[in-house]
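Student: One structure is given below, represented as structure tokens, and several questions about it will come after.
The values are calculated or read from the model by the stated rules, or taken from the named source; none is laboratory data. Values in this document were obtained by computation on a predicted structure and should not be read as measured data. All Cβ positions, even for glycine, are placed from backbone atoms using ideal geometry, and neighbour counts span all protein chains on display. To get the accessible areas, we keep the full protein, side chains included, count just its heavy atoms, and leave off ligands, DNA and RNA. Shrake-Rupley method; radii C 1.70, N 1.55, O 1.52, S 1.80 Å.
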Amino acid sequence: FETATGETSPLPRSGVSDEEAAKNSEVQALIAERVPKLRSLCERLLDRLHSSTAEFPHGIRWVCKEMEVLARRTFGNATEQQIYSIVGGFVCLRYLNPAIVTPDGHNIIANDTKPSKKQRRNLMLVATVLQNLSNGILFKDKEAFMLPLNPFVESHSAKMVGFFEQLTGLSNKGTVSA
């Protein structure tokens, strides 16, 4: 409303819970409009990750493989999702998400170019979806506005596991196999 009209929104700004805000028809319309866009961005990112594992630095892939081996040894009854969520915690939290959220600090965009607050917020949402995908965790009521993305997380978790399987694909000689 404010961006489109230049006027202050008549909606209350404080003292409103996420649940109350989510019940507002204007908020629901905004979420309904934006969720497909966010889903599309996340899908494109996931496709790009899947097709670029060979471009990941060998050192990061080696660390991921070692984490996978240790996780399997330590947690013998763990599922593939649980094993790869350990790898994903490292890759996403320490490598991918910082580059997504601060592309200006990682030479992805020109150093003199900074994302706007709105762009940075959108990048944070992409990183949040990626993190939940890597952990195999659905959004909860704490992030009620992200709940519509749970079907995406459910339907793409296997693809994320596949990405981690590719990322950790090392031969017995410690070389990365693409």
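Student: Too long at a 31 Å Cα-Cα cut-off: which of Lys114/Lys142; Lys23/Lys117; Lys23/Lys114; Lys37/Lys65?
Tutor: Lys23/Lys114; Lys37/Lys65
Student: Further question: Along the Cα-to-C-beta direction of Ser52, a point sits 7 Å from the Cα; which residues of the range 110-125 have their amide N less than 17 Å from that point?
Tutor: Within reach of a label on Ser52: 110-111, 123-124.
Student: While we're on this one: Under a crude label model (7 Å from the Cα following the beta-carbon direction), how far is Lys142 from Ser116 in nanometres?
Tutor: 3.0
Student: Please compute the length gained on full extension between Met124 and Glu66, using 0.36 nm multiplied by the number of residues separating them and subtracting their Cα-Cα distance.
Tutor: Result for the pair: 18.0 nm of gain on full extension.
Student: Something else now. Using only the alpha-carbon atoms, how far is helix 25-51 inclined from the longest principal axis of the chain? Give it as 0 to 90 degrees, nearest 10.
Tutor: Here the helix axis deviates by roughly 20 degrees.
Student: Shifting gears a bit: Quick one: accessible surface of Ser25, probe radius 1.4 Å, all protein chains present, in square angstrom to the nearest 10.
Tutor: In the full protein context, Ser25 sits at about 80 Å².
Student: Would you look at the GNM of the chain, springs on alpha carbons closer than 10 Å, and say which of Thr128, Thr168, Thr102 moves the most?
Tutor: Of Thr128, Thr168, Thr102, the Gaussian network model singles out Thr102 as fluctuating most.
Student: In the chain, what percent of the accessible surface is made up of carbon and sulfur (1.4 Å probe, ligands and nucleic acids excluded)?
Tutor: The C+S portion of the solvent-accessible surface of the chain is 56 percent.
Student: If you don't mind, there's one more thing I want to ask. Exactly which trypsin sites (Lys or Arg not before Pro) in the range 1-65 are in a DSSP loop and have at most 13 other Cβ atoms within 10 Å?
Tutor: Arg13
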